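*Asks:* Quick one: structure below, then a few questions.
The values are calculated or read from the model by the stated rules, or taken from the named source; none is laboratory data. Values in this document were obtained by computation on a predicted structure and should not be read as measured data. Here the Cβ positions follow ideal geometry from the backbone for every residue, glycine too, while neighbour counts run over all protein chains shown. Ligands, DNA and RNA are stripped out before the accessible areas are found, and what is left, the full protein with its side chains, is counted by its heavy atoms. Shrake-Rupley method; radii C 1.70, N 1.55, O 1.52, S 1.80 Å.
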Amino acid sequence: MKKSRWTLVLSLVLVLSMFLSACGGGGSNGGNGNSGGDDGGSESAKQELNLTDSAEIPSMDTTQATDTTSFKAMNQVFEGLYRLDKNNEPTLGVAAEEPQVEEKDGETVYTFTLREDAKWSDGSQVTAEDFIYAWHKALHPDTLSPYASMFGTAGIKNGNAIVTEGDPLYGKVEELGAKAVDEKTLEITIEKETPYFKSLLTFATFYPQPKAFAEEQADKYALEADTMLYNGPFVFSEWNHGEGWNYKKNTEYWDADVVSLENISVKVVQDVATAVNLYETGKIDRAGLSSDFVDQFKDREDFNTILEPTMFFLRMNQENEALANKNVRKALFLAYDRDGLVNVLLNNGSIAAKYFVPSDFVSGPNGDDFRKFAPEGFHADMGEEEAKEAWKTGLEEIGKDSVELEFLTTDSELASKIAEYAKEQYESKLDGLTLTINKQPWKQFLELEDSGDFDISTGGWGPDYPDPMTFLYMFETDGAYNRMAYSSEKYDELVSNAKNETDPAKRWEMMQEAEKVLMEEDIAIVPTYQRGLAILQKDYVQNYYVHPFGADASYKWIKIEGK
Amino acid sequence: MGRYIGGRVVSMVITFLIIASLTFFLMKLLPGTPFNNQEKLSDAQIVQLNEKYGLNDPVAVQYFNYMTNLLTGDLGVSFQQDGRQVSTIISERIGPSAYLGFQSLLVGTILGLFLGIIAALRHNSFWDYGTMVIAVLGISIPSFVIAGLMQYWLGVKWQLLPVAYWDGFAYTIMPTIAIASIVVATIARFMRTEMLEVLGQDYIVTAKAKGLSSTAVVIRHTIRNASIPIITIMGPLVVGLMTGTLVIERIFVIPGLGEKFVNSILTNDFPIIMGTTLFFSFLFILVILLVDILYGIVDPRIRLAGGKE
């Protein structure tokens with residue numbers, strides 16, 4: 001009792017002192033960032049890393065996950081035939097060597113030999129059967145993976161047919177072009193070659209699952225740290241749902257010698273300010289920043305920005321009479337000041353984009369970045385003047401002197417700011433245009449967009465696989481992600497030809513041509529920016545590799561040096 | 001009293017069932033699917049997934065299934081946290097929320113009563129004004145502002161307390177202060193007003209005239225009579241603490257239930273929406289009952305059960 005009285009007095013004093021200091025304090029923040037933590041600087045720094053994530057892990061079942069948090073965690077504790085290296089190239093994982101490739105009856109057969117020393121964390125062998133088990137599970141209607149379409153994307157035989165309802169092969173998972181020849185030999189039959197087949201195999205949907213163990217755990221498999229087995233560089237030592245999870249080094253991992261980190265702790269921290277405060281007190285080693293924190297930190301050495309291959313753009317619904325007019329769309333494309341958006345509003349390393357396939361994403365057959373073609377994007381030399389002109393012509397063509405459009409967006413703080421920005425941009429530059437902003441919660445937004453119930457809507461898209469097609473296929477006529485009644489025979493033909501073209505160089509050209517049709521000729525969408533990510537990272541954290549697709553990051557090669 | 005409580009329990013069960021049904025149907029009006037990456041699922045996949053989770057059945061059938069499961073104590077499994085039982089999720093999350101809520105309520109109430117009593121007894125003095133300044137600040141400054149300021153000054157600048165996480169008593173201090181501030185402010189103001197009113201009553205004059213010491217007058221006659229309205233506001237305060245700690249949980253990274261509650265609505269995680277709503281309603285109904293019973297104890301004039309002795 002006495003103790004709690006004192007706690008009360010203490011609390012009161014604390015509250016009071018806080019108010020007083022809050023009133024009296026000047027702007028004395030900033031300063032240097034190396035407060036807190038031990039400043040040992042010893043050579044054998046503790047190989048421990050403290051991180052945060054903004055969400056819980058929804059699922060550790062490789063066939064069921066759909067979100068970045070899960071994929072990132074899986075990349076540390078599981079491993080497929082390949083994994084992404086620091087250059088985002090597939091490097092050998094469970095596969096012992098590059099596969100033997102044979103042509104058989106017009107199909108290509110890849111034969112993989114698995115490593116002798118690829119083990120699950122209980123010491124048992126990772127077998128070809130474990131791969132087949134997981135893949136069949138992903139495709140079976142009862143346990144269907146939201147990413148089941150990946151098998152078709154990879155070109156694996158019957159991958160599409162098995163998940164297509166009404167197809168004679170629907171649900172017949174044993175018809176998949178993948179089989180376990182023996183314990184260490186996995187044979188994959190490809191019906192359609194793609195340049196990104198090996199990269200796709202680094203994706204969680206293609207990981208193995210320990211068949212015997214998973215069957216024994218049944219519906220408890222992968223729900224807790226002790227109901228799964230691991231074959232990656234790390235294992236979960238703890239998984240406290242809602243609070244966070246801890247990794248420790250996997251001693252059974254075949255490449256354990258190159259793994260430096262002993263322990264990694266990840267806590268779920270949703271509030272950016274909290275993450276920054278934790279970083280400043282040395283509790284975490286890396287923190288993502290929102291735009292409002294960038295100015296405070298951008299001159300510090302531990303500040304960095306990463307360009308992500310995620311594109312943001314405006315859909316223009318061509319069901320709308322005005323938006324069906326190309327000059328009106330051109331005016332909207334040109335009148336938008338992207339520099340103001342990325343430099344002032346976003347301020348986090350995002351870059352202005354007048355293109356749709358992102359920069360620093362994929363390289364073509366000749367090794368050049370896709371964006372090297374039209375690096376500035378499209379209509380790059382035109383600006384406000386041309387916008388006004390196009391607007392005038394457009395209005396004349398549709399015979400109106402004013403247009404009202406609904407601008408559909410989501411209800412997040414950032415989306416609201418961007419919507420206000422767009423409204424201001426457009427209404428001040430295009431006479432007679434009125435934008436009405438319609439903010440909706442995410443799910444409602446998707447519903448309205450999907451049913452075409454909008455004039456202009458804000459879109460965002462990140463890649464599912466390392467190829468421009470993951471962006472370009474969206475706008476095929478009646479495509480599931482088109483949603484804006486855009487239809488161009490020329491575009492459809494280019495995209496469909498590129499899908500079937502086997503010559504990589506020709507295919508690349510077709511996709512560049514398709515982007516040109518979409519953006520330059522048809523002006524179907526208004527691209528706005530390519531997203532950047534501002535982060536703080538302690539200088540003693542080395543080799544933290546981030547990836548543009550699949551799992552966000554790899555911890556396998558991280559080292560703590562000079563802490 | 002027994003008969004009164006029995007009657008109340010029956011009406012509680014009915015209220016509970018009505019809440020369950022209403023929540024169920026309102027929830028079904030939410031647009032979109034409960035699936036995680038809806039924007040990347042094809043229509044055919046959505047149909048298949050709906051089938052898998054029984055979401056293609058008519059709403060009436062789904063309602064019937066849900067209520068039957070509910071009566072057997074089965075709250076279902078989460079969509080967002082693949083396959084985990086709703087009851088498990090609630091039970092692992094409720095600990096920190098309950099601890100924090102209870103500690104804040106305790107600290108806030110005691111401190112609030114203390115300040116309110118002092119202010120009334122030292123009416124128009126420095127203590128009175130000081131208390132009222134604190135009360136006004138506590139009510140007008142939102143808890144997340146207090147939380148943010150504390151985190152920056154006590155956590156980062158002076159490094160007196162841990163910035164965040166949930167790992168022992170030291171970690172509970174800042175969140176408790178942030179949440180308790182509103183409780184302190186509310187109760188201090190009410191207590192002061194009530195005390196002042198009671199102190200002016202004839203029976204206080206009588207008690208003093210009888211020769212009772214002023215301590216006895218304050219404790220036995222004033223505080224007891226002044227605390228009836230406090231019990232009235234305790235109900236809403238407790239409920240506010242149950243649901244209103246979300247922001248604080250977020251700022252201090254406390255693995256509580258508030259975050260789940262809000263997130264489930266944003267992501268259409270139907271079983272979690274139902275589970276948390278029913279859980280909170282249950283607590284709410286229980287608190288109301290407790291408050292009503294407390295009335296009778298504090299003030300015998302308030303008859304609960306039709307005057308039967």
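*Asks:* Ignoring chymotrypsin sites (Phe, Trp or Tyr not before Pro) that are buried or in helix or strand per DSSP, and keeping those with at most 12 other beta carbon atoms within 10 Å, what is the longest stretch of chain B between them?
*Replies:* B:1-157
*Asks:* Sticking with this structure for a sec: Cα atoms only, region A:341-422: Rg and Dmax in Å?
*Replies:* Rg, Dmax (Cα atoms, Å): 17.2, 50.
*Asks:* Ok, one more. Comparing the chain by itself with all protein chains present, which residues of region B:242-266 are at least 20 Å² less accessible (probe 1.4 Å)?
*Replies:* B:Arg250, B:Ile251, B:Val253, B:Pro255, B:Glu259, B:Leu266
*Asks:* A further question on this structure: Just going by the charge dipole of the protein assembly as shown, with Lys and Arg at +1 and Asp and Glu at -1 on Cβ, which of A:Pro146, A:Tyr336, B:Leu290 is farthest out on the positive end?
*Replies:* B:Leu290
*Asks:* How much space per residue, in cubic angstrom, does the convex hull of the C-alpha atoms of the protein assembly as shown take up?
*Replies:* 212
*Asks:* Students often get this wrong: which residues of region A:105-131 have the backbone nitrogen under 19 Å from the point 7 angstrom along Cα-to-C-beta of A:Glu215?
*Replies:* Once the point is set 7 Å along Cα→Cβ of A:Glu215, A:120-131 turn out to lie under 19 Å by backbone N, inside region A:105-131.
*Asks:* Counting only protein heavy atoms and using a 1.4 Å probe, what share of the accessible area of region B:94-255 belongs to carbon plus sulfur, as a whole percent?
*Replies:* 69
*Asks:* Additional query: Using 1/(1 + (r/R0)^6) with R0 = 51 angstrom and r between the beta carbons of B:Ile233 and B:Thr72, what's the FRET efficiency to the nearest 0.05?
*Replies:* With R0 = 51 Å, the Cβ-Cβ based efficiency is 0.85.
*Asks:* Put a dot 7 Å past each Cα toward the Cβ at B:Val145 and B:Asn56; how far apart are the dots in nm?
*Replies:* Label-label distance for B:Asn56 and B:Val145, simple model: 5.4 nm.
*Asks:* How big is the Kirkwood radius of region B:1-155, worked out from every pair of different alpha carbons and given in Å to one decimal?
*Replies:* For region B:1-155, the Kirkwood estimate is 21.2 Å.
*Asks:* Have a look at region B:19-41 and report residues whose accessible surface goes down by 40 Å² or more when the remaining protein chains are included, against the chain on its own, probe 1.4 Å, ligands and DNA/RNA excluded.
*Replies:* Buried on complex formation: B:Pro31, B:Asn36, B:Asn37, B:Gln38, B:Glu39, B:Lys40.
*Asks:* Along the Cα→Cβ direction, 7 angstrom out, place labels at A:Asp292 and B:Val47. What is the inter-label distance in nm?
*Replies:* Modelled inter-label distance: 4.5 nm.
*Asks:* Take the alpha carbon gyration tensor of region A:198-335, find the square roots of its eigenvalues, order them as a ≥ b ≥ c, and report rounded if a/c is under 1.5; if not, report prolate when a/b exceeds b/c, else oblate.
*Replies:* oblate
*Asks:* Does region A:409-563 come out rounded, prolate or oblate by the C-alpha gyration tensor, with a ≥ b ≥ c the root eigenvalues, rounded set by a/c under 1.5 and, if not, prolate when a/b is larger than b/c and oblate if not?
*Replies:* oblate
*Asks:* Ok, one more. What whole number of Å gives the distance from the Cα centroid of region A:47-98 to the Cα centroid of region A:180-228?
*Replies:* Using only Cα atoms to place each centre, the spacing works out to 13 Å.
*Asks:* Something else now. Considering the zone a paramagnetic label at A:Glu385 would reach in this model (a point 7 Å from Cα along the Cα-to-Cβ line), which residues of region A:319-356 have amide N under 20 Å from it?
*Replies:* A:327-328, A:330-339
*Asks:* Grab every C-alpha pair in region B:55-97, bin the distances at 10 angstrom width from 0 up to the longest one, and report whole percents.
*Replies:* Result, from short to long distances: 25, 44, 25, 5 percent.
*Asks:* Counting Lys and Arg as +1 and Asp and Glu as -1, each charge on the Cβ, what is the dipole of region B:1-148 about the Cα centre in debye, to the nearest 20?
*Replies:* About 460 debye.
*Asks:* Right, another one. Whole-Å semi-axes of region A:316-463's equivalent ellipsoid, largest first, each the root of 5 times a Cα gyration tensor eigenvalue?
*Replies:* That gives 26, 21, 16 Å for the three semi-axes.
*Asks:* For the A and B pair, go ahead and give the buried accessible area with a 1.4 Å probe, both sides summed, in Å² to 100.
*Replies:* It comes to approximately 5100 Å² buried between A and B.
*Asks:* So for region B:94-255, what are the equivalent ellipsoid semi-axes in whole Å, largest first, each being the square root of 5 times an eigenvalue of the Cα gyration tensor?
*Replies:* Largest first, region B:94-255 gives 35, 16, 12 Å.
*Asks:* Within 10 Å of each candidate Cβ there may be at most 11 other Cβ atoms; applying that plus a DSSP loop requirement, which GluC sites (Glu not before Pro) in region A:40-100 survive?
*Replies:* A:Glu43, A:Glu97
*Asks:* A further question on this structure: Can you list the lysines whose alpha carbon is less than 22 Å from that of A:Lys326, not counting same-chain residues fewer than 8 positions off?
*Replies:* Hits, sequence-local ones excluded: A:Lys354, A:Lys388, A:Lys392, A:Lys400, A:Lys423, A:Lys429, A:Lys490, A:Lys516.
*Asks:* Extending each Cα 7 Å along its Cβ direction at A:Glu404 and A:Glu183, get the distance between those two points in nm, one decimal.
*Replies:* If labels sit at A:Glu404 and A:Glu183, their model points lie 7.4 nm apart.
*Asks:* Excluding residues on the same chain fewer than 8 positions from A:Lys417, give the lysines whose Cα lies under 16 Å from its Cα.
*Replies:* Here the lysines satisfying the reach criterion relative to A:Lys417 are A:Lys439.
*Asks:* When each pair of different Cα atoms in region B:29-76 is counted once in the 1/r mean, what is the Kirkwood radius in angstroms, to one decimal?
*Replies:* Every distinct Cα pair counted, the radius reaches 12.1 Å.
*Asks:* From the square roots a ≥ b ≥ c of the eigenvalues of the alpha-carbon gyration tensor of chain B, which class results: rounded (a/c under 1.5), prolate (a/b over b/c), or oblate?
*Replies:* Judged from the Cα gyration tensor, chain B comes out oblate (a/c at least 1.5, b/c at or above a/b).
*Asks:* Residues in region B:146-176, backbone N under 17 Å from the label point at A:Glu48 (7 Å along the Cα-to-beta-carbon vector): list them, ranges by number please.
*Replies:* From region B:146-176, the list is B:162-168.
*Asks:* Taking the Cα centroid of region A:311-356 and of region B:19-46, what is the distance between the two, rounded to the nearest whole Å?
*Replies:* 31
*Asks:* Given the rule -39500 (n - 2.57) for each run of at least 4 DSSP H residues, summed and divided by the residues of chain A, what is its mean residue ellipticity at 222 nm, to the nearest 500 deg cm²/dmol?
*Replies:* It comes out at -8500 deg cm²/dmol, rounded to the nearest 500.
*Asks:* Further question on the same structure: Would you mind getting the accessible area per residue of the protein assembly as shown, heavy atoms of the protein chains only, 1.4 Å probe, in Å²?
*Replies:* In whole numbers, the protein assembly as shown has 44 Å² accessible per residue.
*Asks:* Let me ask something additional. How about A:Lys559: which lysines have a C-alpha closer than 30 Å to its C-alpha, ignoring those fewer than 8 places off in the same chain?
*Replies:* Of all the lysines, those that pass the test against A:Lys559 - Cα under 30 Å, at least 8 places apart if same chain - are A:Lys46, A:Lys72, A:Lys86, A:Lys119, A:Lys198, A:Lys248, A:Lys249, A:Lys267, A:Lys283, A:Lys298, A:Lys538, B:Lys157.
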